[in-house]
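Nothing in this text is a laboratory measurement; each read-out follows from the coordinates by a stated rule. All values derive from a computational prediction rather than experimental measurement. Backbone-built Cβ (ideal geometry, glycine too); neighbour counts: all protein chains shown.
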Amino acid sequence: MKFLKITTAAVAALALILTINACKGDDDRGGGINLFTIQDDMELGQQLRDEILANPTEYPILNEGQYAGAYAYIRDIVDDILASGELEYADEFAWEVYIIDDPETLNAFAAPGGYIFVYTGLIKFLEEKDDFVGVMGHEMAHADLRHSTQQLTQQYGVATLLGLLLGQDQDLLTNVLGSLLGLRFSRDDESQADKFSVIYLCQTEYAANGAASFFQKLVDAGSATPPEFLSTHPSPDNRVEAINMEAEDRNCDTTFDSDAAEWANFQNSLP
């Protein structure tokens, strides 16, 4: 990843710009401090993807040739969400999908730049296509809102990353990539991703509150230990209520009318 080197004289001006940008943005997207560029997001995502693909023991990715139908199914969903017109980086980011063969893990995550990883355990856990689409909208929101690189900026601090931009600490690049693998989003980021899942799906044929069904199922199952990627989220109960209220306030369609047989066939096509 190549960062733009800047002069010391520009640091004060850059810091001022960052402060101003943190207060800008519409009411929905907000605008946290982020020292990374859009190109940095894409390059970080590519490097993280390569790291994962090079570690099949921990991340057993399903072969696309063998599971072409499953990959096409998910990519159609991604395309439907991108077609909503609500994603700021719909054209810039990669929006690649990878399926991880782990039936015991309820997880999904999106790397910077739109690299999405979904575990078979999560797919098998969900009862309807609209549930899955809601989760996909949530993960795509994390990427499009650039939550990962915002979190990295907060984690390392503006001063440290400015040093990196000045070429004073190039070893930090390796640490940044490692941090992405264990990154956990803030509660505010998770709530915002839930909200944008509704915004995206409201412009599609799917139920806008699809993500709420996932959390409702966790509540109904009485899960005392939610999946790792939910560990910093608001409680499932609160999220169900917030997602449903967002869909209602926006007058979105919340009818679950996807083909049940189609969803079952997709689930059964996986190991």
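Annotations
- From phi via Karplus (6.51, -1.76, 1.60), per-residue ³J(HN,Hα) for segment 122-132 in Hz, x at Gly/Pro: 5, 4, 5, 6, 7, 8, 9, 4, 4, 4, 5
- For Ser213, Ser191, Ser235, Ser148, order by how many other beta-carbon atoms lie within 10 Å, fewest first: Ser235, Ser191, Ser213, Ser148
- When the GluC sites (Glu not before Pro) in segment 35-131 are filtered for DSSP coil states and for at most 11 other beta-carbon atoms within 10 Å of their beta-carbon, the remaining sites are Glu58, Glu104.
- Sorting Asp80, Asp130 from the fewest to the most surrounding beta carbons within 10 angstrom yields Asp80, Asp130.
- Scanning residues 5 or more positions from Ile61 or on other chains, those with amide H under 5 Å from its amide H are Asp101, with H placed 1.01 Å from N in the peptide plane.
- Averaging the Cα positions of each part gives two centres, and for segment 248-271 and segment 99-124 these lie 18 Å apart.
- For the pair Arg184 and Asn238, a Förster radius of 22 Å applied to the C-beta separation gives a FRET efficiency near 0.75, rounded to the nearest 0.05.
- For Val97, nonlocal amide neighbours, meaning residues 5 or more places apart or on other chains whose placed amide H falls under 5 Å from its own, are Ile116.
- Computed from phi, the 3J(HN,Hα) profile of segment 255-271 under the Karplus parametrisation 6.51, -1.76, 1.60 (θ = phi - 60°) reads 7, 8, 10, 5, 6, 5, 5, 4, 5, 4, 5, 5, 4, 6, 6, 9, x Hz, with x in place of Gly and Pro.
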